[in-house]
Amino acid sequence: MNNLNEYQKPKVEEKPLFGLTLPELTALMAGLGQKTYRATQLHEALYRQRLTSLDQITTLPQTLRDSLATEGYTVGLPEILQTARSVDGTERYLIRMADGETVETVWMPDGDGGERGDGSEAAAEEEATDGLEGNAVHTRKDFRNLGALERNGYTRATICISSQIGCAVNCQFCLTAKLGIKRNLTAGEIAGQVVAVLNRHGVKIGADRINLVFMGMGEPFLNYDQFIASVHLLVKPIGIPESRMTVSTSGIEPSIRRFANEPLRPKLALSLNASNDTVREQVMPITRKWNIAALLDAVKTLPLGKREWVTFEYVLLGGVNDQPQHAREVLDLLDGMKAKVNLIVWNPGPGIAYTQPKPEDVAIFQKMLIEGGMPTYIRRPRGRDIYAACGQLKRTVETSPEPLISIAPAFG
């Protein structure tokens with residue numbers, strides 16, 4: 001006769017707490033017969049203290065923690081599995097969600113210059129330190145009390161966040177497009193990437209200057225509700241102001257109009273990448289659904305603040321969209337708009353049949369836009385050697401040009 005002890009109890013499905021709002025936590029505590037203040041304590045532990053396990057939440061009694069564990073609840077932060085580190089200090093992470101699916105997230109110490117010219121505090125920091133890294137004879141703006149980042153020699157850092165597992169937009173120059181789309185990320189999975197990276201680097205919100213860009217894997221505006229919910233998590237309980245966030249879209253016209261009405265919203269960057277619909281359809285097939293005119297009309301509905309500018313991202317593809325006539329067309333498109341342009345020299349990826357533009361063509365393109373009255377910047381490529389640059393994210397396990405290294409805490 002079989003011993004009943006040999007039978008295992010059915011495994012309780014894990015239920016992540018990270019990502020739940022205060023009202024949701026309050027309802028959970030009520031269901032467990034707990035008072036409201038227990039929800040507040042749990043909320044504080046998840047988002048302000050950034051604790052990673054129920055055992056660490058000692059403000060809750062052991063009996064309550066045991067009850068949560070019995071019900072299958074875990075903190076549920078995404079897990080950093082592996083990292084690749086670039087010669088320029090950029091780190092690319094393979095991050096696993098509770099269901100085993102993975103995305104990539106990137107840490108860029110001192111950023112990539114993407115905020116320059118957009119009128120924000122982050123832009124002021126960029127502009128004050130442009131070209132001064134590693135050159136102590138220059139006077140830098142006083143950004144003291146920077147905590148963990150300062151101890152590692154940086155004034156700020158940018159985290160590039162994914163919003164989907166894969167991407168459905170199919171931009172022809174982007175390595176992520178080869179994945180297709182598997183599923184959307186939840187708000188907790190989006191914000192959880194940030195917290196996992198903050199914890200890795202020992203970042204202290206309020207002391208360290210952190211910028212966020214929703215420019216990783218996926219199209220945020222095709223996962224609109226969860227993206228916006230993640231912004232609310234990152235701003236209110238976690239403490240990163242929306243003025244330090246930028247969301248990039250390939251051009252989902254209805255979502256841009258929704259975005260314009262949000263009371264809490266990051267800065268907007270539209271991936272333009274061509275000066276006319278013919279070229280844009282070739283490199284971004286989504287143009288067949290929403291052409292450039294429709295996108296610009298939607299962008300014009302944004303209620304911009306006095307110091308707020310819309311960013312237009314423009315990936316330069318050799319011989320495709322990088323010639324003087326294209327620059328003139330960009331100036332015509334953006335005439336009269338409160339805008340600035342970020343030029344991105346295309347970052348190569350295996351199996352993608354484009355070439356980088358000639359340096360002289362990049363210089364001429366930028367010069368023509370500036371002379372035409374359009375603030376124009378060239379984004380610094382970060383992490384090209386580890387496939388961490390713009391358009392190179394796919395999955396570390398599939399694209400790494402060299403063996404991955406396991407990670408250890410980076411702060412010290």
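The values are calculated or read from the model by the stated rules, or taken from the named source; none is laboratory data. Bear in mind that the values here come from a model prediction, so they are computed numbers and not experimental data. Using ideal geometry, Cβ is built from the backbone for each residue, glycine included, and neighbour counts are taken over all protein chains shown. With ligands, DNA and RNA removed, areas are computed over all heavy atoms of the protein, side chains included. Shrake-Rupley method; radii C 1.70, N 1.55, O 1.52, S 1.80 Å.
Brief remarks follow.
- Label zone of LYS182 (point 7 Å out along Cα→Cβ, amide N under 16 Å): in the stretch 218-261 this covers 218-219.
- Convex hull volume of the Cα atoms of the stretch 35-88, normalised per residue: 100 Å³.
- Anchor LYS15: lysines whose Cα lies under 25 Å away (excluding residues fewer than 8 positions away in-chain): LYS35, LYS182, LYS236
- Paramagnetic reach from LYS204 (point 7 Å along Cα→Cβ, amide N under 16 Å) across the stretch 46-61: 48-50
- Nearest-0.05 FRET efficiency for ASP225 and GLU101, computed from C-beta distance (R0 25 Å): 0.85
- Whole-Hz Karplus values for the stretch 330-337 come out as 4, 4, 5, 4, 9, 4, x, 8 Hz, taken residue by residue from phi with 6.51 cos²θ - 1.76 cosθ + 1.60 and θ = phi - 60°; glycine and proline positions read x.
- Accessible area of SER67 in the full protein assembly, 1.4 Å probe (Å², nearest 10): 50
- Counted by Cβ distance under 14 Å from HIS232, the other residues give a net charge of -2, where Lys and Arg count +1 and Asp and Glu count -1.
- With the simple spin-label model, which puts each label point 7 Å out from Cα in the Cβ direction, the ASP277 to ASN170 separation comes to 1.9 nm.
- Average projected area [Cα convex hull, the stretch 322-380], square nanometres: 4.5
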